[in-house]
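FYI, it's all coordinate maths here, none of it is from the lab. None of the values given here were measured: they were computed from a predicted structure. Because the Cβ atoms are built from the backbone with ideal geometry, glycine has one as well, and the counts that use them run over all protein chains shown.
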Amino acid sequence: MVDTQTVNLSDFFVGQDYNRTYQLLDGTTPVDITGYTWEFLVRAPGGTSNLITKAMSITTAASGLFAVNMDPTDTDDISENRTYVYQVQGTTSIGEENVYVEGEFEAKTTY
């Protein structure tokens, strides 16, 4: 059983590329994510609608590695200097959906 991790982001900038790699672990053992699909979801705190829904890519399935790669236009629907919540959701090859990472971030404007 893989527990949901809470990770608050400090490196999310509106209008900039955003790239981050994640690894799914069961304890310290990588989980083979062959056949999984992944999404990076962003909402306003307490909101029910996603402001960003970005498909993620698997980089090394056997090692549990996957990544989100966003272009500047992917952040068009969020505002600068506001706090948002995000989730990394995975769907297994048999259709089970789980949130593996969640947290919050402030949408910054400059590095």
* Between the DSSP loop rule and a limit of at most 13 other Cβ atoms within 10 Å, which trypsin sites (Lys or Arg not before Pro) in the stretch 45-111 are left? -> R82
* To do: Starting from the amide H of I52, placed 1.01 Å from N in the peptide plane, find each other amide H under 5 Å away whose residue is 5 or more places distant or on another chain.
  => V42
* Cα convex hull of the chain: mean projected area in nm², to one decimal? -> 6.9
